[in-house]
Structure formats: C-alpha cells, structure tokens
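The values are calculated or read from the model by the stated rules, or taken from the named source; none is laboratory data. If you're wondering where the values come from, they're calculated on a predicted model, not measured in any experiment. Positions of Cβ are generated from backbone atoms using ideal geometry, with glycine treated the same way; all protein chains shown enter the neighbour counts. Each accessible area value is taken on the protein alone, full model and side chains, heavy atoms only, with ligands, DNA and RNA left out. Shrake-Rupley method; radii C 1.70, N 1.55, O 1.52, S 1.80 Å.
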Amino acid sequence: MSILNTIISKNQNNLKFSEFFHKQNQVWQGSLDSVAFDQEGIKNKLLNLDKPCYIIRLDNEIGVTNEGYLYHSNGQTGKVEMLIAIPPLAIQQLGDRNFLDFYNVKYAYMTGAMAHGIASEELVIALGKERILSSFGAGGLSPSRVEEAIKRIQQALPEGPYVFNLLHSPSEPAIERSAVDLYLKYQVRTIEASAFLDLTDNIVYYRAAGLNLNAANQIEIKNKVIAKISRREDANKFLQPAPIKILKQLVEQGLISEFQAKLAEQVPMADDITVEADSGGHTDNRSLVCLLPSILELRDEIQNKYCYEKPVRVGAAGGIATPQSALAALMMGASYVVTGSINQSCVEAGTSQHTKQLLAQAEMTDVMMAPAADMFEMGVKLQVLKRGTFFPLRAQKLLDLYKRYNSIEDIPAEEKDKLEKQFFRNNLEVIWKETAAYLSQRNPDKLIKAANNPKLKMALIFRWYLGLSSRWSNSGEKGREIDYQIWCGPAMGSFNDWVKATYLAEPNNRKVVDVANHIMRGTAFLFRMQSLQIQGLQIPANYIQYQPK
C-alpha cells in the first residue's frame, strides 16, 4: 500500500462519487509509467498547473498523472479506475480577466503605493517589465522628485504598465494639485488615489481632463483611477460620477470643457476600487471578510442605477501576503489583489537595510497604531511596526501633549526637557526655526497662520519628528534607529511565517517579482487543491502546502 491510500477516503460519499464517473463511461488511457504513487511525485504532478491532472486508482493504490487522455468506454472498465479529472489552470484565470486586459498585465495582482518612494522606481520598473502592475509611492515627495520618477519610469516602461499614487492632502491642497498637474503634463494614464476623505477638485480634474469620444462614439477614459478605500461612504463617492458642483467649477476655471463635464456625468469616478482592510500606514483596521462583500454589494447597487458600460471592478488589499490570503480574497469575489507591507522588505524597496531586516523578523503581533504626520491635528492614525523602534510610543506621547496643552510654553519644564533630549535631540526653538524654513518654501500660508496660533505652532513642531522619522527609516539614518517610523500591517508577519523555511526568509533574497510570482502560483495551486477537495478528494495537509523554491 502506498502513502496515497489515505488521500481518498473509503466512506460512502466517495464510493458514490467514483460510481458517477463510471456511469459517465469516462476512462483514462495512458502509460502507467507517467503515474506517480509516491509523495514527492504526486506533489510535482499537482504543481504542474499547465497540464490536466488525473487521479486514478490501480490495484487499490491511488496515483496522479498529468499525461494520457479521457475517452468514453463501451461500458467495460479495466483495472485502472479514473476517479477525478481536472483541466489545466493558468494563473491568468484567477481574478477578473477584464482587469488584465484593461491594464495590459498578466496577473490580477498589483503592488500598492508606499509613500516617500518606498514603492520606488526600481520596484515599479522591475514589476512593470514582467507586466505586473505597480504603484509608485509619490506621497510626501517634492514635485521635483515626483517629476524625476515619472521621467525615469516612463523611459524604462514606455508602454507601461505603471501607476502613480495621488495621496489626499487635506492640509496641503496645493501639493495635491501639483501632483495632478505633473500627471497631466506627462500623460500618466493611471493613478492610485489613496486616503481621500472626500472627492476634491484635483482628483475630479484629473479624471475629467482625460475624457473624450472615440471613433465609435463611445466614451473614452484616458485617465484611469484606482481608488483605495476602507469605508462604504468613500467607496460610494468613487463609484458614482463626479459631483456636478465640482465639474462646473472646473469648467468656469477653464480647466475642462463643458463637453468633458457632460461626459464625466456618465462615468464613475474610478475604474477600480481597492478595498483596503487591515493594512500598514493609513488604515481603519477593517476585516476583509466583512468589508469586501459590503463594497461588492454597494458596487452592484450603483451599477444597477447607472448601468455603466464597464462596471467598476473591486479588488482587495490589507492582509494579502500569502497564497491562502490571496485565494480567500479572490474566492470572495475580488477582481484583483494588492500587496503592500511585504514589498517594502524586498531589495527594490526604497528603504534602508536596517528597516528591511526588522521587517523580515516581524511577527503578526509586532504592529500598533500611531499618530499620522500628515493628519496629526485630526487625530488620524496609521499602523506601524513596533518591534525594534520606540516611534509608536513616542508619537502617541506627542499626540497626548498636543491634546492636553495649548502651546509649547504650556508644557511643563520636565516634559519639555524630555522632548528636547530624547525625541528631538535639540532645543525646540531650533526645531521651530528648521520647521519655519521648510514651511516658507512648501506651505507659506500655514507659516503665517502659525504666527498667531500657538497650538498650531506646537503641532507643526511635533510634526517635525513625525515627518522625519519615516525619512530616517528610508535613508537608514545612523543613531536614529529607535525612532524609525516603519509602516507595516500584520501581513508582514504572515509572510514571514510562510517563507521562514525558504530562501525568501533572508531579505537580501526578496525580489518583488519573485514574491508576486510565488503568491500567484501558490494561489493557483491552492485553487486546484480546493477543486479536488470539492469533488471528494481528501488530501493530507503536507500535500496542500505551497512554499517558494
């Protein structure tokens, strides 16, 4: 008896299943030399996704083969029983085929933007050359730095695919507009809109400016939008056409034509909605199994109302780190999956080696919420790594002080001394001078407001630490390791658990293309295993596991 005798249970249900195939007179014909009966051989046959898979029984031993063919017998069967047959499975069959065609990519998979260039040019280009969609982390970068990235990526990927992030900046709308102006100037045809609390004239401008009619008199959408959301109310805004009020303002400003405004009333604000669950960075810590079905239902309601020619696709992000999590999202109805935290531990990511080492050691519980620099006064938080850094605790301390006092001068001397020695490592007046010099170039209006608003001045000083801490992490600032701000969700720990016994355990071996290929190939393999199990095949756990090799 081979070890595979345990694969098919001998209960009544499976006996009936075998009889069903016999009643259909389906018989396997082929060379018995191609049939594997040992554990390693069986696993290799199951992993051969490009070929069909036949489960046969010979003299009470169960075997697997990718060769041979099926035919209809005359009712007589031989000693070889054909139990289950499943077709080849291409990775391209996973997710929504329209996503692949729309962006000219090979997988229903993309990597999301990580601000400050963590999702770097190298990362986007490496994936783009393999026709995998990737979003450049433009958030928090200067316009000149974003322009440099556009030129480099477009030169390397003249036909794409690539995406650029548009991060909502409620406190600095001019920064948001400058990014849109650059994207329109250089004809960046796809953006990933993230952290939007509401639609702004900037995102509507980008969308509407790319609308026209093609030769077939159909609406042509040149400027594509992938909106990352975590709430129904936000999804609702991107699933519907642009607000008429904003469109009228853009027409009055001469930014779009009346014709484009009319077209914008007939198409949704986004082509794709990425449902962001418990992720790194800005997150609501939502459960994907609750959030994704809710947004899919909302999408269907709005589609029934507007009857768009091309329904908005809905993808899944947050917690996607393994073939199991990717398969779960796709089986719930996601059109595509998006990875985030795990990519910043890869060699192409724009972060330091020290940070990559910390990420590669992270467990699922090594994360916590901390105040966000860009929305500090609003109390908005983001998810970060707590292992190996004091940043989340120190950032929370700054928020507590901001809530408790109205100015820097109101803070007790003992607390202020601790801030200067441990957090800022400098006199707070010196920090304010640096902050003022920075704002005079980037946001002079805010500097003027701070002159008459001591609480705002305190917030800006505190944001000096919050803002630089992420840059220290990216550049590998020596001596500041305990202050590194590292955006990270529990997916990082899940990924590390999955690859701990493989070559990907070492961060120097982690390449974004390898990670993408293994996740998607593993997802296809697990889908095949599920198909076999649904048909009555009972499979031991060691056959179902997929690990990178």
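A compact table of results
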{"quantity": "Within the accessible area of the chain (1.4 Å probe), percent carbon and sulfur", "calculated": "49"}
{"quantity": "At least 27 Å along the helix axis (C-alpha) and Kyte average at least 0.5, DSSP helices within the chain", "calculated": "512-534"}
{"quantity": "Residue 440/residue 414 FRET efficiency (R0 35 Å; Cβ-Cβ; nearest 0.05)", "calculated": "0.60"}
{"quantity": "Taking all pairs of distinct alpha-carbon atoms in the chain, Kirkwood radius in angstrom", "calculated": "25.8"}
{"quantity": "Cα shape, region 219-319, gyration tensor, a/c 1.5 rule", "calculated": "prolate"}
{"quantity": "In nm, spacing of pseudo-spin labels at residue 51 and residue 497 (7 Å Cα→C-beta vector)", "calculated": "3.5"}
{"quantity": "Dipole magnitude (debye, nearest 20) for the chain, charges at Cβ of Lys, Arg, Asp, Glu", "calculated": "180"}
{"quantity": "Dipole magnitude of region 86-184 about its Cα centre (Cβ charges: Lys, Arg +1; Asp, Glu -1), debye to nearest 20", "calculated": "220"}
{"quantity": "Formal net charge of residues neighbouring residue 96 (Cβ-Cβ distance under 13 Å; K, R +1; D, E -1)", "calculated": "+1"}
{"quantity": "Shape category assigned to region 314-399 from the gyration tensor of Cα positions, a/c cut at 1.5", "calculated": "oblate"}
{"quantity": "Expected 222 nm ellipticity per residue - DSSP helices of 4 or more, -39500 (n - 2.57), all of the chain, to 500", "calculated": "-13000 deg cm²/dmol"}
{"quantity": "Dimensions in Å of region 421-461 - Rg and Dmax from alpha carbons", "calculated": "10.4, 31"}
{"quantity": "Calculated FRET efficiency for the pair residue 545/residue 506, C-beta based, R₀ 25 Å, to 0.05", "calculated": "0.80"}
{"quantity": "Region 260-308 - accessible surface per residue (Å², probe 1.4 Å)", "calculated": "41"}
{"quantity": "Positive-end residue, the chain charge dipole about Cα centroid, Cβ charges, pick of 134, 448, 236", "calculated": "448"}
{"quantity": "Dipole magnitude of region 419-526 about its Cα centre (Cβ charges: Lys, Arg +1; Asp, Glu -1), debye to nearest 20", "calculated": "320"}
{"quantity": "Linear extension gain, residue 184 paired with residue 287, 0.36 nm per residue minus alpha-carbon span", "calculated": "33.5 nm"}
{"quantity": "Linear extension gain, residue 456 paired with residue 130, 0.36 nm per residue minus alpha-carbon span", "calculated": "112.7 nm"}
{"quantity": "Over region 153-200: Rg over Rh, Cα atoms, Kirkwood Rh", "calculated": "1.02"}
{"quantity": "Inter-site label distance for residue 309 and residue 403 at 7 Å from Cα along Cβ, in nm", "calculated": "5.1"}
{"quantity": "Efficiency of FRET from Cβ geometry, residue 156 and residue 377, R₀ 41 Å, rounded to 0.05", "calculated": "0.55"}
{"quantity": "Estimated inter-spin distance, residue 530 and residue 478, nm [label 7 Å along Cα→Cβ]", "calculated": "5.0"}
{"quantity": "Rounded to 5, percent antiparallel among DSSP beta bridges of the chain", "calculated": "50"}
{"quantity": "Peptide ranges 266-272, 301-307, 179-185 listed from the most packed, as the mean C-beta count within 10 angstrom indicates", "calculated": "266-272, 179-185, 301-307"}
{"quantity": "Paramagnetic label zone (point 7 Å from Cα along Cα-to-C-beta, residue 433; backbone N under 18 Å) in region 470-505", "calculated": "none"}
{"quantity": "Gain upon complete extension [residue 60, residue 86; 0.36 nm per residue less C-alpha separation]", "calculated": "7.3 nm"}
{"quantity": "Rounded, prolate or oblate (a/c below 1.5 giving rounded, otherwise prolate when a/b exceeds b/c) for region 251-407 by Cα gyration tensor", "calculated": "oblate"}
{"quantity": "Radius 12 Å from Cβ of residue 539, net charge of other residues (Lys, Arg +1; Asp, Glu -1)", "calculated": "+2"}
